[in-house]
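Have a look at the structure below, then the notes.
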Amino acid sequence: MNRIQIVLLTIIGAGLWACSSVSPLYVQTDKIEVNTSTQKDSVLASFIEPYRDSLALEMERVIAYASDDFINKRPVGALGNFVVDQTMQYVVNKQLVQRDDYICIMNFGGLRAPINKGNVKVGDIYKLMPFDNTIVLLKLPAKRISDIESYLRNSGGEPVGGFQLTNDSFELNSNKELNDTLFVITTDYLANGGDRMNFFKNSYEKINTGIFLRDILLEMVEKKDTLVSYVDERIKL
């Protein structure tokens, strides 16, 4: 059951309850098994159908063209690079940050599907990012860098941006020296320690923008005519 169906059923149920003047003192419930043989409610189905059809049309809407396949790979992949770099560009465009030394860290497992060569549809972005993860801005102690380095080496690489990690160095793309503070763009899931990224906990400051990562990707992709994949050496282990 998708979100639209849940909302509609909730509204219908609330309306029926509001129209009733009976205040039951005793409620008896029965377990009803729902399976493929269960008959659907034709009235409810006809009520929901326009919304379902509208959603299906939106998922099929073409928003860009991919010149290559965008695949998720370790230590660096075209898909991870694209997601991270578009997120960072969005944050800058919207002036959510006022500095140029932010880094971005996502998780490999959070990117659930590739972007295949050819027309890119709205539904493709939902497949890539089916979760309602929001973007979070973190201010961390600079000493957390050693924990981040260790994590990336052990995992074999995650989608990252704003820095280069090699066998013996961690360098910001801004060429600024790391002092006492590290600034990070990530998701609410990871900011809370998801995927064992516990180094994001106990930050100096945490700002949840409330903006869905999926919505960022949809907006950024739709602004482009053609998506071009690229793989660099931002992580070289």
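Can you say whether I145 is touching a strand residue (DSSP E or B) at 6+ places or on another chain (Cβ under 8 Å) and closer than 30 Å to R52 by Cβ, as far as the supplied structure shows? When the stated conditions are applied, I145 does not pass them. Among the residues of the stretch 204-225, none qualifies, meaning not one is modelled with pLDDT under 95 and either on the phi > 0 side of the Ramachandran plot or β-branched (V, I, T) (or both). Scanning the stretch 150-200 for residues that are assigned to a helix (DSSP H, G or I) and free of Cβ contacts under 8 Å to residues at least 60 places away in the same chain yields S150, Y151, N154, D188, A191, R196, N198, F199.
Number of residues in the stretch 182-207 that are more than 25 Å from N72 (Cα to Cα) and surrounded by fewer than 14 Cβ atoms within 10 Å (Cβ to Cβ): the value is 4.
Looking across the stretch 142-178, the residues that are out of contact with any helix residue (DSSP H, G or I) (no Cβ under 8 Å at 6 or more places or on another chain) and among the hydrophobic types (A, V, I, L, M, F, W, C) come down to A142, I145, L152, F163, L172. Taking the stretch 94-129 on its own, how many of its residues are at pLDDT 95 or above and either β-branched (V, I, T) or under 17 Å from L227 (Cβ atoms) (or both)? Number satisfying all stated conditions: 20.
Provide a single number: the residues in the stretch 76-93 that are more than 15 Å from K224 (Cβ to Cβ) and not hydrophobic (A, V, I, L, M, F, W, C). Residues meeting the conditions: 2.
Residue check: Y189 meets all listed conditions (1) modelled with pLDDT of 95 or more; (2) touching a Phe, Trp or Tyr at 6+ places or on another chain (Cβ under 8 Å); (3) over 19 Å from Q86 (Cβ atoms); (4) aromatic (F, W, Y) but one, namely (3). Please verify whether I216 is buried (at least 16 other Cβ atoms within 10 Å of the Cβ), hydrophobic (A, V, I, L, M, F, W, C) and touching a helix residue (DSSP H, G or I) at 6+ places or on another chain (Cβ under 6 Å), treating the condition exactly as stated. Spelling it out, I216 is indeed buried (at least 16 other Cβ atoms within 10 Å of the Cβ), hydrophobic (A, V, I, L, M, F, W, C) and touching a helix residue (DSSP H, G or I) at 6+ places or on another chain (Cβ under 6 Å).
The values are calculated or read from the model by the stated rules, or taken from the named source; none is laboratory data. Predicted model only: the values in this text are computed from it and were never measured. Here the Cβ is made from the backbone with ideal geometry for all residues, glycine too, and neighbour counts use every protein chain on show.
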